[in-house]
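Below: one structure, written as structure tokens.
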Amino acid sequence: MGRKNAIFLCLAVMALVTLGLVMLASTSVWNKDVDGYSLVKKQAVFIALGLIGAVVISNVDYRKLRAFWIPALVISTTLLVLCYVPGIGHKVNGATRWIKMPGVPQFQPSELAKIFVIMSLAAWYSHYQTEGRKFFKGFVSPCILLGIPVVLIFFEKDMGTAMALGCSGGMVMFAAGVRMPYIIGAFTLTVGGAWLVILKNPERMGRINALFDLESDKYRQGDGYQQLNGIHAFINGGVNGTGLGNGVGKHGSLPMAHTDFIFPAIGEELGLWATLGSVFCFVVIMVYGMAIAMHAKDIFGRLLAVGLTCIIVVPAMVNIGVCTAVLPNTGLPLPFISYGGTNILFTLFAVGVLLSIHRQAAFTSRAEVPVIAQKKQCLRI
């Protein structure tokens, strides 16, 4: 099974990327603010760049990345700080998540920060392998490495990405052997602090309250509008869907049908089977990503693979939870499918790093382990 990990991982990724391009063509062409298939062309360019980058990275020994974790962390943190600088940080839909400077394409630093922060955590624990269960070097210092970028992203009004990065970093710490009481304590403090901030933000509280009463007059035209119409899109599509291009939500009742709420558009036009197929692809990525981590040659590769797999799967879980009204609206795209150049570019880069870890992995055949191959020998032992 070990050598097939990369094949199934790549098949799942390509299926999602293809579905994303098809649905982007179906949803964006009806947008009055979009010039024909311009978004499809832009997304295709970023996909091509991401695939080229993934191929290049997959042929580079991932262990070379460990030497650059400090510059990578400094660069990502600096870019996140620039989002707060007037004239550089670019606000879209009330959130300052983008950087826009003359001569530089607009991009979202948090997408790059996710990869660099996970790489930094993996490098830290690989350097202090024997101290992973100690309080300061095994818990406090990594929490600082993770906490600063997460806080910066959170106050950009990007709660979804902050939550995804925090959960992924927590999984890396768990895999590194950090004591569970430390992790539980950090989780409790983080959730408590975030809740205090949310209580003082009427917009975020409105989204949470709307989750429990989407159909009320108070929320159906306000904070619950997107999620309510997303549910209607699923209902309209049923099992078999209305047919590609025949969805009605994208004509105005379902805002962000080509970005954050593309999952309900899939359900409406292609039906239940397509949505279940999408979920299955993410399950495949999770299973084979973790399998790559299990076969990694060293602790750096193991922790890096765990973190990068979570960076892909956790946002998908959050997005699907939002679209099905299980979680409050966070404004998080669906990896590989939603429109967004920075997101697809760096997510494909993450896949490239996973493939690099796979290429360097150590596999053991059944014939090389007679204890597994012969049941009698197992019983004797």
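The values are calculated or read from the model by the stated rules, or taken from the named source; none is laboratory data. Bear in mind that the values here come from a model prediction, so they are computed numbers and not experimental data. Glycine gets a Cβ as well: all are built from the backbone with ideal geometry, and neighbour counts include every protein chain shown.
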> Residues 204, 302: which one is modelled with pLDDT of 85 or more and among the basic types (Lys, Arg)?
Replying inline: 302
> Can you name the residue in the range 244-276 that is in a helix (DSSP H, G or I) and among the acidic types (Asp, Glu) and is also surrounded by the fewest Cβ atoms within 10 Å (Cβ to Cβ) among such residues?
Replying inline: 269
>> Checking residue 143 against (1) farther than 20 Å from residue 302 by Cα; (2) in contact (Cβ under 8 Å) with a residue 24 or more places away in the chain: exactly one of these is not met. Which one?
In response: (1)
> So is residue 96 in contact (Cβ under 8 Å) with a residue 24 or more places away in the chain and part of a helix (DSSP H, G or I) or not?
Replying inline: no
>> Return the residues of the range 216-244 that are within 18 Å of residue 278 (Cα to Cα) and of a type outside the set (Phe, Trp, Tyr); say none if nothing qualifies.
In response: 230, 231, 233, 235, 237, 238, 239, 240, 241, 242, 243, 244
> Of the residues that sit in the range 196-208 and are surrounded by 12 or more Cβ atoms within 10 Å (Cβ to Cβ) and without any contact (Cβ under 8 Å) to a residue 40 or more places away in the chain, which one is nearest to residue 227 (Cα to Cα)?
Replying inline: 206
>> Of all residues being in a helix (DSSP H, G or I) and buried (at least 21 other Cβ atoms within 10 Å of the Cβ) in the range 315-341, which is nearest to the chain's Cα centre (by Cα)? Just the residue, please.
In response: 315
> Can you name the number of the only condition in (1) surrounded by fewer than 19 Cβ atoms within 10 Å (Cβ to Cβ); (2) at pLDDT below 90; (3) more than 18 Å from residue 317 (Cβ to Cβ) that residue 211 fails?
Replying inline: (3)
> Which of the residues belonging to the range 265-276 are under 18 Å from the mean Cα position of the chain (by Cα) and either farther than 18 Å from residue 14 by Cα or not β-branched (Val, Ile, Thr) (or both)?
Replying inline: none
> Restricting attention to the range 184-203, and to residues there that are of a type outside the set (Phe, Trp, Tyr) and within 21 Å of the chain's Cα centre (by Cα), which single residue is nearest to residue 133 (Cα to Cα)?
Replying inline: 190
> Name the pairs whose Cβ atoms lie under 7 Å apart, with the first residue in the range 229-243 and at positive phi and part of a loop (DSSP other than H, G, I, E, B), the second crowded, with 18+ Cβ neighbours inside 10 Å and not charged (D, E, K, R), and 6 or more positions between them or separate chains?
Replying inline: 238/271; 241/270; 241/271; 241/274
> Does any residue in the range 109-135 that is more than 17 Å from residue 309 (Cβ to Cβ) come within less than 6 Å, Cβ to Cβ, of a residue that is small (Gly, Ala, Ser) six or more places away or on a different chain, and which pairs are these?
Replying inline: 112/76; 113/76; 131/138; 132/138; 132/176; 132/177; 133/177
> How many of the residues in the range 184-228 are within 26 Å of residue 148 (Cβ to Cβ), assigned to a loop (DSSP other than H, G, I, E, B) and basic (Lys, Arg)?
Replying inline: 1
